[in-house]
Every structure is written in structure tokens, then in C-alpha cells.
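The values are calculated or read from the model by the stated rules, or taken from the named source; none is laboratory data. Predicted model, so just to flag it, every value in this text is computed and none were measured. Cβ coordinates were reconstructed from backbone atoms using ideal geometry, including for glycine residues, and neighbour counts include every protein chain displayed. What goes into the accessible areas is simple: the full protein's heavy atoms, side chains included, and nothing from ligands, DNA or RNA. Shrake-Rupley method; radii C 1.70, N 1.55, O 1.52, S 1.80 Å.
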Amino acid sequence: MNEKPRPVGRPPQGITKKVSLTLTEEEWHEIDQSGKTVAAFLKDKMKKNVPVPILVQRPEWEQERNPVTYPRRHAEEQWDIHWRFSDKPLPPDDIIEAAKQSMYQILFPDQAENAVVETRDQYVCPFTGKRFGSMDKLVSSAIPTLVQWAIAKKRRDAERQAAKEREKGQK
């Protein structure tokens, strides 16, 4: 049985960089009083300065449809690029030709030079950055992530509190 190992640690949230930070004594005191890590404190400060748009899910029939035009030559280039950079063996010519014909018949009917495809609103998750077609899907996907984060935060807070108590006991 080949089971994938469970991921360890918290989910990746961005790029980690080492930073040297010089602040006044009052600023360091403010961070210490917050009870948060320096990173968490700075993230909260940054989030407070950025307005968060409120997206309201509209019914499917009411969602804005934005047609996008896509030239046939771009599709042809994508076929070439796909096989040039693919690490999979090239299928037989008749298979490739059948797949191309299927795509061209649907995207470019009657030998049209441009495909017209509708796009709809997407909702970007503020927690993960993933895109969803509805707020319901965004929220249901966010729930397990947020539960994991809450568990990790509780564990970190408990570890931090235990370290403070050990430090008090040593004085």
C-alpha cells in the first residue's frame, strides 16, 4: 500500500525571508504587549491598512459574463509548446490530430479565426489565494484550513505560555 505521507507543519503561506528590524523601544514594547510573534504583529498591521473587498455571491444566472477572444494561432502555438516541453512520449499522429480537431471544432466553429469564450466571476480566498466559482465553495474549502491553523495557533500559544512560566520559575 503506497500511501502519501501526511504533510508536516503548517501550510505554506508565502515566501520566508530573514529580516533585521530596528525599532524604537516603544515599538518593541507594543509588539511584546500584543502577545503575538513579530511576524503575526506585522501581518495584522498590514492587513488593517488594506481594504478588503466584500464579494457577494450572485445567483449563477445573474453573474457577469465577460466574453474573451482567443486567436486560433495562439491555440496552434500551445499545441507546439505542450509537446516541446512535455516529458511524456508523443502519442501517434492520428491521436494528436483527432484531439486537435475536437478542440478546433468546438473553439473555432466554421474555421473561425477567433474563439469567443465566456468567463465568469471568481472569488479569491483571502486565506489561501485559491480561486473559486462561488462563495459557498470558498468558505467550505477554507473551513478545514482555518481549523488546522487554529489548532496550530493554540499549540504555539500553549508552548509560548509554558516557556514564559519556565522563564519565571528560573528567576
**Asked** On the given criteria, is ASP80 among the charged types (D, E, K, R), over 23 Å from GLY14 (Cβ atoms) and either open to solvent by 90 Å² or more (accessible area, probe 1.4 Å) or at pLDDT 80 or above (or both)?
**Response** yes
**Message:** Criterion first (modelled with pLDDT under 85, farther than 23 Å from VAL139 by Cβ, open to solvent by 70 Å² or more (accessible area, probe 1.4 Å) and assigned to a helix (DSSP H, G or I)) does ARG73 satisfy it?
**Reply:** no
**Single match in PHE108, PHE127 (criterion: surrounded by 12 or more Cβ atoms within 10 Å (Cβ to Cβ) and either over 16 Å from the mean Cα position of the chain (by Cα) or in contact (Cβ under 8 Å) with a residue 40 or more places away in the chain (or both))** = PHE108
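Going through ARG120, ARG160, ARG131, ARG156 one at a time, which residue ends up being under 30 Å from ARG73 (Cβ atoms), basic (Lys, Arg) and modelled with pLDDT of 80 or more? Spell out how you get there, then give the answer.
On the way: ARG120 fails: modelled with pLDDT of 80 or more; ARG160 fails: under 30 Å from ARG73 (Cβ atoms); ARG156 fails: under 30 Å from ARG73 (Cβ atoms).
Result: ARG131 is the single residue among ARG120, ARG160, ARG131, ARG156 that is under 30 Å from ARG73 (Cβ atoms), basic (Lys, Arg) and modelled with pLDDT of 80 or more.
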**Asked** Does LYS164 qualify as being within 25 Å of the chain's Cα centre (by Cα), under 30 Å from ILE15 (Cα atoms) and open to solvent by 70 Å² or more (accessible area, probe 1.4 Å)?
**Response** no
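Given LEU138, LEU146, which one is surrounded by 15 or more Cβ atoms within 10 Å (Cβ to Cβ) and not in a strand (DSSP E or B)?
Numbers: LEU146 fails: surrounded by 15 or more Cβ atoms within 10 Å (Cβ to Cβ).
Result of the check over LEU138, LEU146: LEU138.
Evaluate segment 52-65: report whether one residue or more is assigned to a loop (DSSP other than H, G, I, E, B) and modelled with pLDDT of 70 or more.
Pass one, segment 52-65, residues assigned to a loop (DSSP other than H, G, I, E, B): 52-59, 63-65.
When the remaining residues are screened for being modelled with pLDDT of 70 or more, the result is none.
No - not one qualifying residue is present in segment 52-65.
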